[in-house]
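To start, the structure under review is shown below, and the notes come after it.
The values are calculated or read from the model by the stated rules, or taken from the named source; none is laboratory data. The structure presented is a predicted model; accordingly, all values stated were derived computationally and were not measured. Here the Cβ is made from the backbone with ideal geometry for all residues, glycine too, and neighbour counts use every protein chain on show. Accessible surface is based on the protein model in full, side chains and every heavy atom, while ligands, DNA and RNA are left aside. Shrake-Rupley method; radii C 1.70, N 1.55, O 1.52, S 1.80 Å.
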Amino acid sequence: MVILKNTDEIALMRESAQLVSKTLGMLAGEIAPGVTTLHLDTLAEAFIRDHGGVPGFLGMYGFPNSLCMSLNEQVVHGIPTGVPLQEGEIISIDCGVLMNDFYGDHAYTFPVGEIDAESQRLLDVTKASLYLGIDAMRKGNRVGDIGYVIQKHCEDEGYGVVRELVGHGLGRKLHEDPQVPNYGKRGSGKLLQDGMVLAIEPMINMGTHRVRQLKDGWSIITADKQRSAHFEHDVALVEGRPVMLSTFDYIYDALGLPKEDPLFA
Ligand code: MG
Ligand code: MG
């Protein structure tokens, strides 16, 4: 059942989404060769608690940490470790918080130092597909329209779209209806309605779309061990249009990058 949110609830959800956005912005300035993902996890947990939230993933389904940290061929759900990051790697960080009874859920794939051009293209294409998906979250469209544009953009670039993991409704629960696959047919699935809040999150592989799970019971990796990227925004449908509740602006500020996100307000 889809739980629609009213204006007051969407305002609270924006606060949760802003906190995950600020947390990733804080981490952006810390990611470097030699830093461990466990250290980043510790920083994030303290930051979230200092800002009035609770880490959303800690203990969720038994997850042991605050952040999912997925390195290189890891797609999602990687567990932070004491292994130092290395120049040229890519690290996908997925951050959840619970604040004012509502979840924020947000992800970005960061380069560690200088990365090769193929990895940069994977990041660029995946992030672009997220914005295409957000732009498809409009009155009259259906959930399948979001997945369709993400899948088409990424497959046209030769990439694999993960099937087993999907975006989702967001609210007082981390995972609400509807599921939001990153693949689909135009005009299929649930009709989009005002008050829906969705976590749209393409998970895109350089090679095959197929994935498998590591023996740790959490980490999902690509079946061919090629790299994977993951970007996620929280988006509300308001008066027929997508309104982004999360933002990458804090990350761009930390990295000195131009603010390039399209605005939908
Ligand atoms: Mg997430
Ligand atoms: Mg999510």
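Remarks
- Mean-square fluctuations from a GNM of the chain, with a 10 angstrom spring cutoff on Cα atoms, peak among 224, 253, 50 at 50.
- Accessible heavy-atom area order of 148, 103, highest first, probe of 1.4 Å: 148, 103
- Residues whose amide H lies under 5 Å from that of residue 234, counting only those 5 or more places away or on a different chain, are 245, 246; hydrogens are built 1.01 Å from N in the peptide plane.
- For the chain, the dipole from Cβ point charges (+1 on Lys and Arg, -1 on Asp and Glu) about the Cα centre works out to 840 debye, to the nearest 20.
- For the stretch 96-115 versus the stretch 137-168, the inter-centroid distance based on Cα atoms is 20 Å.
- Taking the helices alone, the chain has a mean residue ellipticity at 222 nm of -9500 deg cm²/dmol, built from -39,500 (n - 2.57) per DSSP H run of at least 4 residues and averaged over all its residues.
- In terms of its C-alpha gyration tensor, the stretch 170-225 comes out oblate, because a/c is 1.5 or above while a/b does not outweigh b/c.
- Top positive-direction residue, dipole computed over the chain with Cβ charges, set 219, 178, 256: 178
- By accessible area, using a 1.4 Å probe on protein heavy atoms only, the chain has 52% of its surface on carbon and sulfur.
- For residue 252, the accessible surface of its heavy atoms amounts to roughly 0 Å² (probe 1.4 Å, protein chains only, rounded to the nearest 10).
- The stretch 24-70-the stretch 173-233 distance, computed between alpha-carbon centres (Å): 21 Å
- The stretch 151-248 shape via C-alpha gyration tensor axes, a/c threshold 1.5: prolate
- In this rough spin-label picture, where each label sits 7 Å from Cα along the Cβ direction, the residue 120-residue 156 distance is 2.2 nm.
- Solvent-accessible heavy-atom area per residue, rounded to whole Å², over the chain at 1.4 Å: 42 Å²
- Note that the stretch 94-102 has calculated 3J(HN,Hα) couplings of 10, 10, x, 9, 10, 8, 6, 6, 10 Hz, one per residue in order, obtained from phi through the Karplus relation 6.51 cos²θ - 1.76 cosθ + 1.60 (θ = phi - 60°); glycine and proline are x.
- Lysines with Cα under 25 Å of residue 190, excluding same-chain neighbours fewer than 8 positions away: 5, 127, 139, 152, 173
- Residue 36 long-range amide H proximity, modeled H, under 5 Å: 85
- For the chain, convex hull of alpha carbons as volume per residue, Å³: 112 Å³
- Positive-end ranking of 189, 206, 167 along the dipole of the stretch 134-238, with charges on Cβ about the Cα centre, is headed by 189.
- Choice from 117, 107, 11 with maximal GNM fluctuation in the chain (Cα, 10 Å cutoff): 117
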